[in-house]
Amino acid sequence: MQFPPRFEKLYRKTKNKNVTCRKTAHNNVHFCDTALPVDDVVGFSLPSLSVYAAFSAGTICSAVPVGRKFLNTHTKKQTDMDPSEVEFLAEKEMVKIIPNFSLDKVFLIGGDLGPFNPGLPIDVPVWLALNLKQRQKCRIIPPEWMDVEKLEEMRDLERKEDMFTPVPSPYYMELTKLLLNHASDNIPKADEIRTLVKDIWDTRIAKLRLSADSFISQQEAYAKLDNLTLMEINTIRAFLLDTLNCMYKLRSNVQ
Amino acid sequence: MFIADIRKDFYEVVANQRVVLLVAPDIDALCACKILQALFHCDQIQYTLVPVTGWQDLGTAFLEHKEQFRYFVLINCGANVDLLEMLQPDDDSIFFICDTHRPVDVVNVYNDTQIKLLIKQDDDLGVPSYDDIFRDEDEEGEDSGNESDEGSEPSGKRRRFDEGAVERRIERQRAKREWEARRREILFDYEQYEYHGTSAAMMFFELAWVLTKDTKDMLWWAIIGLTDQWVHDKITNMKYVTDIATMQRHVSRHSHRNEDEENSLSIDCMRISFEYDLRLTLYQHWSLYESICNSCYTSCSFKLWTLNGQKKLQEFLADMGLPLKQVRQKFNSMDMSIKENLRDVIEESSNKYGMKDIRIQTFGVHFGFKNRFLASDMVHATAALLESAEKDDSETDTFIKALDALSRSNIDRLHSGIELAKKKLIAIQQTVASCICTNLILSQGPFLYCYLMEGTPDVKLFSKPMALTLLCKYLLKAFVLSTRNKRCKLLPLVMAAPKDVEKGTVIVVGIPPESETSDKKNFFGRAFEKAAESTSSRTLHDHFDTSTNNAENRFLDGKLFLKFPERERCE
């Protein structure tokens, strides 16, 4: 990502670090002065040297660097997360399984995994559930939201609303893919579920594209997007940042 | 010794150990290996997989690994020779042998410590009893002990005792000679014919079933192992049908697990079904016409190497009402109306043309929207991959490629295997046609003989044992149908093909005579050994199948001296 030299340093310092920021007064949003972790730098605006930062909650707002002393000096260069990294994070979610072996409580760094008894359901992280399933040591029970009727409702709601509706799970896409690839014999009506989840995904990505498009074309300074999942942000992150950057360059050259 | 409880005496013994898997190059062994690998992956047992192509390979592999490993699992090799004598292992090496070759060597059966046989004891073995073959050596010592005792007696008594002792000694020696003669006869009877027992893949599937870790994938591999035995003519029809019934029980158990209206399974899940399908090789991946021309059964029944035969084939197709244009198309593109009743229509018409067994009991698998395979398709594809004559591939490479083709995630490889199998079948049919038309089969007294010259097209394909055996069987069937000489119809066939042109070696295969109800017992193992001795040419009895061996060119001159045992077991 190319910036003019005077902003390059600022960009490098701001990215992925904590900055004091203020949500600007647009569209009835209140001010707030907090130190938030900046997920990525979206662009710069010349007059007030404010930094448009995107946060992982999906809110894009402008941040005013109050002083250099608030900025750290370590930086990361990447502008994008690999989808496999997102999947890795998704594997920490818990899912219910029914083991067919017995094992005492296991003490791991991330937490304890309770005693396994054959035939009794237990909650484990997805990574363990998939490993046990591949070794034929358990049966996976689909999460509650992975049900044809519920997903149909969600899909219809998503199509009606303009804004993003609440998601069944912050990692719904990754979990669907993992569970349906490895344990489709434990999940009833797996094909329909796959189709429904894909429908929901398509609708949300379409909305995201539309809002990014209007954000850029109307040169807005602020956009509020609730209920976006990490995977969806990840699909648009690189493109949006590059675009805003190009727009900035064009604007600054014209002036 | 035979293992009684395969879970306790085999699986739990190797559960925390590292094992070496020594696998022979045939499809049944590949399937058994896949099942065992899947079980090892579930329980995280470390293993080393070594493909072995012959006795020498086996010896080398054993020497390489004997320091680091104690447990060796041999799949489809090693049961029919005295393994301890051949390999000279240390006392703590343990061998688990799962082999279809019979007869099992008597030393392997009666060794209690180092050799464990993963074979069912009721598997039609006919092992001679212990007392008939092995005899305690104590009785020798008794004699000499008596003599030395009696030597100290006073001379008068000695004379009397001497006579008694001498008589007893003579009596004992006579009994011993009789016993030894009987022993030789029993062993000769036991070891003269080679045949095959239950598939190794089925044995390991049973192990998986006992551990309740059996999946549909493993069931499918077991079915492929069984079908391999049938395709390559290793077991009798009766045994095949019995084993199919066993597999059918497992298939129905698996397919009723979660199939009902509300919980239908995803289309990607594997579904195995029992089929009473046509005996036309690869017909669903080829055109119907090509398949009829290149399947042994139909090609021999119509005698498609003659003009008359071609005409009969056209009549047959017309009789069924199948237009030629449809029949020559790829099977998947044929009209649905024709495909619907195809099997029944073909069965009806083929009865009129004297082909009573056009349908055979088998299994088919179906996963995803596109992938449908019959067990025999998989066998042919994998066999073609295993014996592909690529220049760059070593035998280990082809082994690994064939092993990969058996997984569901490598459909591309399987399709390439099917293409190779088609080429192989076409080559076999053309070679058979040319051999019959040019009278390359000579009658050499007690047997028929055919030698493929070096310039024959596709002769490189036939330097491999399985392909050459298949060609041999087709050729014998075709010859029996086309010759008028009544005596020749009852003769066995010996076939030779060049193996390595630079070294001047040939590969020789012998099969028993063609008959309706043969018990598939092959006596060529012993016959080849005797012939090799009588001609003193260098032969390498390297293959695990004793009916195949490599020899130098001089061996072929010695053919005339082959003598066969008087009794011929071909009812």
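Summary of values
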item	result
Any hit, region B:475-482, residues being farther than 16 Å from B:Cys435 by Cα, of a type outside the set (Ser, Thr, Tyr), out of contact with any Cys (no Cβ under 8 Å at 6 or more places or on another chain) and modelled with pLDDT of 75 or more	no
Yes/no for A:Leu244 being aliphatic (A, V, I, L, M), within 14 Å of chain B (Cβ to nearest Cβ) and either buried (at least 20 other Cβ atoms within 10 Å of the Cβ) or closer than 27 Å to A:Ile98 by Cβ (or both)	no
Selection status of B:Leu481, within 19 Å of the chain's Cα centre (by Cα) and assigned to a helix (DSSP H, G or I)	no
Hits in region B:36-59 (condition: assigned to a loop (DSSP other than H, G, I, E, B) and within 14 Å of chain A (Cβ to nearest Cβ))	B:Gln44, B:Ile45
Positions within region A:80-98 being of a type in the set (Val, Ile, Thr) and assigned to a strand (DSSP E or B), in sequence order	A:Val95, A:Ile97, A:Ile98
Some residue of region B:215-237 being within 14 Å of chain A (Cβ to nearest Cβ) and not in a helix (DSSP H, G or I)	yes
Residue in region B:116-124 that is modelled with pLDDT under 85 and outside any loop (DSSP other than H, G, I, E, B) present	no
Whichever residue in region B:263-306 is of a type in the set (D, E, K, R) and either in a loop (DSSP other than H, G, I, E, B) or more than 14 Å from chain A (Cβ to nearest Cβ) (or both) and, among such residues, is nearest to B:Gly417 (Cα to Cα)	B:Glu290
Top-ranked residue in region B:383-432 [being outside any helix (DSSP H, G or I) and among the hydroxyl-bearing types (Ser, Thr, Tyr); ranked as modelled with the lowest pLDDT]	B:Ser394
Residue check, A:Asp191 within 14 Å of another protein chain (Cβ to nearest Cβ), buried (at least 18 other Cβ atoms within 10 Å of the Cβ), closer than 30 Å to A:Ile141 by Cα and among the acidic types (Asp, Glu)	no
Some residue of region A:121-140 being more than 14 Å from chain B (Cβ to nearest Cβ), among the aromatic types (Phe, Trp, Tyr) and outside any helix (DSSP H, G or I)	no
Those residues of region B:16-35 which are over 18 Å from B:Asn76 (Cβ atoms) and either within 14 Å of chain A (Cβ to nearest Cβ) or basic (Lys, Arg) (or both), in sequence order	B:Arg18
Residues located in region A:100-147, provided they are over 17 Å from B:Gln44 (Cα atoms), of a type in the set (A, V, I, L, M, F, W, C) and loosely packed, with under 13 Cβ neighbours inside 10 Å	A:Phe107, A:Leu108, A:Ile109, A:Leu120
Lone qualifier among B:Leu448, B:Leu386 - being within 21 Å of B:Gln229 (Cβ to Cβ) and either touching a Gly at 6+ places or on another chain (Cβ under 9 Å) or among the aliphatic types (A, V, I, L, M) (or both)	B:Leu386
Residue satisfying condition, being within 14 Å of chain B (Cβ to nearest Cβ) and either modelled with pLDDT of 85 or more or out of contact with any Leu (no Cβ under 7 Å at 6 or more places or on another chain) (or both), within set A:Asn181, A:Asn234, A:Asn227, A:Asn253	A:Asn181
Flag for B:Gln248 being surrounded by fewer than 20 Cβ atoms within 10 Å (Cβ to Cβ) and either in a helix (DSSP H, G or I) or on the phi > 0 side of the Ramachandran plot (or both)	yes
Tally, over region A:202-255, of residues that are within 19 Å of A:Met163 (Cα to Cα), in contact with a Ser or Thr (Cβ under 6 Å, 6 or more places away or on another chain) and among the small types (Gly, Ala, Ser)	1
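Per-residue answers, yes or no, for (1) among the β-branched types (Val, Ile, Thr); (2) within 20 Å of the chain's Cα centre (by Cα); (3) within 23 Å of B:Thr48 (Cα to Cα):
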site: B:Phe62; (1), (2), (3): no, no, yes
site: B:Glu85; (1), (2), (3): no, no, no
site: B:Asp91; (1), (2), (3): no, no, yes
site: B:Asp99; (1), (2), (3): no, yes, yes
site: B:Arg102; (1), (2), (3): no, yes, no
site: B:Gln114; (1), (2), (3): no, no, yes
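Residue by residue, here is whether (1) among the hydrophobic types (A, V, I, L, M, F, W, C); (2) over 21 Å from the mean Cα position of the chain (by Cα) holds:
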position	(1), (2)
B:Phe363	yes, no
B:Thr396	no, no
B:Ala405	yes, no
B:Leu414	yes, yes
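The values are calculated or read from the model by the stated rules, or taken from the named source; none is laboratory data. What you see is a predicted model; the values in this text were computed from it and never measured. Backbone-built Cβ (ideal geometry, glycine too); neighbour counts: all protein chains shown.
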